[in-house]
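Here the structure comes first, spelled out in structure tokens, and everything after it is commentary.
FYI, it's all coordinate maths here, none of it is from the lab. In this text, all values refer to a predicted model and were calculated from it rather than measured experimentally. A quick note on method: Cβ atoms are made from the backbone with ideal geometry, for glycine too, and the neighbour counts reach across all protein chains shown.
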Amino acid sequence: MPANEESPVTGNDIKSSLVGMWQMNSLVVGIDTIQNSETSCVLQIGKEDWNEKLKLQPIQTLFSPNKTYISAYCTDEGKIIRFTTGRWEMEKNQLKIHQLFPIEKQMNYRIDLSDGSAQLRSHLDFDGDGKTDDMFYCEMKKVVG
């Protein structure tokens, strides 16, 4: 497999380095035309802001070696209130997520992995208005390998 020039982790190493439990530490979403209105905003959440802004703990995602994943959304007390599952695939610095539950959807991210951290970037429909016009960026840290 050719080396990925944009990430210090390459080839099969990048796939195996994604396997494990990850916690989202920060999130920035630029929402363009919220619900097709004339209003736009930027949502910024740091590690310390999750409970205050979202009433949740930081989202945790387990990427399994069999190319499946599960993401858990937990209350501050640790109770799972929502989860998503599906399949993942990596090619060079592209992470493709095919969510199967609770609804089926495809999400594609540019991913940069290094030293137990990952940065994901994409354009997606964050506000559910049917337009892939929202900018998404998050940082995750590997918590269990």
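Annotations
- Residues Asp115 and Lys67, FRET efficiency given R0 of 30 Å [Cβ-Cβ distance, rounded to 0.05]: 0.80
- Within a Gaussian network of the chain (alpha carbon springs, distance under 10 Å), most fluctuating of Gly128, Gly20, Gly116: Gly128
- Computed log₁₀ I(q)/I(0) - Debye formula, equal Cα scatterers, no solvent, region 11-139, q 0.09, 0.13, 0.17 Å⁻¹: -0.26, -0.57, -0.99
- Cross-link table Lys79/Lys131; Lys53/Lys96; Lys53/Lys141, entries beyond 26 Å C-alpha to C-alpha: Lys79/Lys131; Lys53/Lys96
- For region 11-139, the Cβ-based charge dipole about the Cα centre amounts to some 520 debye (Lys, Arg positive; Asp, Glu negative; other atoms uncharged).
- Only helices enter this figure: runs of n ≥ 4 DSSP H residues, each worth -39500 (n - 2.57), summed and divided by the residues of the chain, yield -1500 deg cm²/dmol at 222 nm to the nearest 500.
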